[in-house]
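The values are calculated or read from the model by the stated rules, or taken from the named source; none is laboratory data. Because the structure is a prediction, the values reported are computed rather than measured. Here Cβ is always computed from backbone atoms with ideal geometry, including for glycine, and neighbour counts include all displayed protein chains.
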Protein chains: 2
Amino acid sequence: MQYYNISISVGITKSENFTDVQNEIALLSKALGHPARIAILEYLNGVDNCICGDIVNEIPLAQPTVSQHLKELKNANLIKGTIEGNSICYCINGNSIEKLIFYFSKLASKSKNSTCC
Amino acid sequence: MQYYNISISVGITKSENFTDVQNEIALLSKALGHPARIAILEYLNGVDNCICGDIVNEIPLAQPTVSQHLKELKNANLIKGTIEGNSICYCINGNSIEKLIFYFSKLASKSKNSTCC
DNA sequence: TTATAATATTGCAATATTACAATAATGTTT
DNA sequence: AAACATTATTGTAATATTGCAATATTATAA
């Protein structure tokens, strides 16, 4: 008797089964799915003109953790930013946020009238 | 020599460090952070009047997996639903979606003018 | 050049998420 | 009642996420 242990993709999100739009909205949402990253966006929004050097001091987490969250926000295209001297200059990418707003508006449009549940 | 291995919260999101609003938006976003759950919402939105019995057949994942995703959407208050006979009747909770739209609109408002990054 | 300051990366432990087979629970048919 | 249909739960394996200490990188200041 011989056993073939076939287990290919347990634990991985099956992105290939879904549309590009579904995957994109999910990725953006996922990046927003942590309070620290929401807090970072709130701070960036509160600071005018992108003069933002000390995000680390504003977020109640250790510096490497904040750095990691910033990286994820940038990967998801939710913030733009560059290093300027020995500090960073990040700001919100309004386009991505608006993409979400536009998508969710469509999603909520029909569901307003639903009274059965 | 004696070692005290103190490691309390490694791996857990530190929700207590953030505001209620930040946590709520993050939880909603997190629930939206998977293409299958986006697909479920799209399907629910496409079907009028909540006559939705066969979500499982519409999502390209195994039935237990779909059931799990539905549970998460319900936990996050993104869908409402009840069992009706031997089928389910789910529909989108427009209030939660609108909560996100409202929040993101505020977040994107200031960032439109940012030109430094 | 040698600090100093700010951010990034690495490595690791702990927890969370994803997916599904097997099974349970529950209502509907026959 | 027995078979069927539909959804939920349990258990488990694999991967992902979270958080931080230690360290690296890079630019500025002394």
* Asked: Quick one: how many residues across segment A:36-75 are at the interface with another protein chain (Cβ under 8 Å from one of its Cβ atoms) and either closer than 17 Å to B:N23 by Cβ or at pLDDT 95 or above (or both)?
  -> 8
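Within segment A:2-16, does at least one residue satisfy the condition of being at pLDDT below 95 and assigned to a helix (DSSP H, G or I)?
yes
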* To do: Kindly indicate whether any position in segment B:85-105 is at pLDDT below 95, within 8 Å of chain A (Cβ to nearest Cβ) and within 12 Å of DNA strand D (Cβ to nearest atom).
  => yes
* Which of the residues spanning segment B:61-80 are over 11 Å from the mean Cα position of the chain (by Cα) and free of Cβ contacts under 8 Å to residues at least 12 places away in the same chain? -> B:A62, B:Q63, B:P64, B:S67, B:Q68
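Can you tell me which residue within segment A:9-35, out of those that are of a type in the set (A, V, I, L, M) and more than 7 Å from chain B (Cβ to nearest Cβ), is farthest from A:Y103 (Cα to Cα)?
The first filter runs over segment A:9-35 and keeps only residues of a type in the set (A, V, I, L, M), leaving A:10, A:12, A:21, A:25-28, A:31-32.
With the extra rule that they be more than 7 Å from chain B (Cβ to nearest Cβ), the set shrinks to A:10, A:12, A:21, A:27-28, A:31.
Values: A:V10: 30, A:I12: 25, A:V21: 9, A:L27: 13, A:L28: 11, A:A31: 16 Å.
Restricting to residues being of a type in the set (A, V, I, L, M) and more than 7 Å from chain B (Cβ to nearest Cβ), the top hit is A:V10.
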